[in-house]
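The values are calculated or read from the model by the stated rules, or taken from the named source; none is laboratory data. Predicted, not measured: the structure shown is a model, and the values here were computed from it. Virtual Cβ from ideal backbone geometry, glycine too; neighbours counted across all protein chains shown.
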Amino acid sequence: MSINQNKSLINLKISKKKLKGEKTQKPYHVKVNGFIFIQGTKTNTIVTLTDIAGNTKNWASSGSCGYKGARRKNKYAAKAAAEKVARNALSIGYKFINVYIRGTSQSNQKNAVKGLAYSGLKIVKIKNTIHLPHNGCRPPKKRRK
């Protein structure tokens, strides 16, 4: 995932523009209730809600929402799974969350974040935690003549 694509995923933050004669607002700290992990694979999207200690409180996948076969990798299936987790999170009492994204399917992850935002949860931070190699594997030896 390139840097530009990652920045487009984090466009939910409010920009701080300074108008003439106006002071910029100081950033305020919000106490986060829990974390949501979005794992997007080629065929499925799994959304997990945890508390601060890391204990799983609720989870949903596009397969558990009723989508079968090739429809599980659909954008709407990812959004449905995120909305299902968000409804249960609001009923438990979670309001402010951090979102951690991992996986290959970008469009599914983006729609899952939209589903969380539309359902009423306040997203404090979005972080992409995909594993990227820093230097890659060791290249093979040179060919002998």
- Please find, within segment 26-77, the residue that is modelled with the highest pLDDT out of those that are basic (Lys, Arg) and surrounded by 12 or more Cβ atoms within 10 Å (Cβ to Cβ). Lys57
- All but one of (1) touching a Lys or Arg at 6+ places or on another chain (Cβ under 8 Å); (2) over 15 Å from Thr48 (Cβ atoms) hold for Lys145; which doesn't? (1)
- Item | Every residue from segment 82-125 that is in contact with a helix residue (DSSP H, G or I) (Cβ under 8 Å, 6 or more places away or on another chain) and closer than 16 Å to Asn33 by Cβ | Val85, Ala86, Ile97, Val99, Leu116, Ser119, Gly120, Leu121, Ile123
- Task: Filter segment 78-120 for residues that are aromatic (Phe, Trp, Tyr) and exposed (fewer than 15 other Cβ atoms within 10 Å of the Cβ) and give the result.
- Result: Phe96, Tyr118
- Message: I need every pair where a residue in segment 122-145 that is in contact (Cβ under 8 Å) with a residue 60 or more places away in the chain and on the phi > 0 side of the Ramachandran plot has its Cβ under 6 Å from the Cβ of a residue that is part of a loop (DSSP other than H, G, I, E, B) and not acidic (Asp, Glu), sequence separation at least 6 or different chains.
- Response: none
- Query: Does Ile10 meet the test of being at pLDDT 90 or above, among the hydrophobic types (A, V, I, L, M, F, W, C) and closer than 17 Å to Tyr100 by Cβ?
  - Reply: no
- Kindly indicate the residue of segment 124-145 that is among the basic types (Lys, Arg) and surrounded by 11 or more Cβ atoms within 10 Å (Cβ to Cβ) and also nearest to Thr41 (Cα to Cα) among those meeting that condition. Lys127
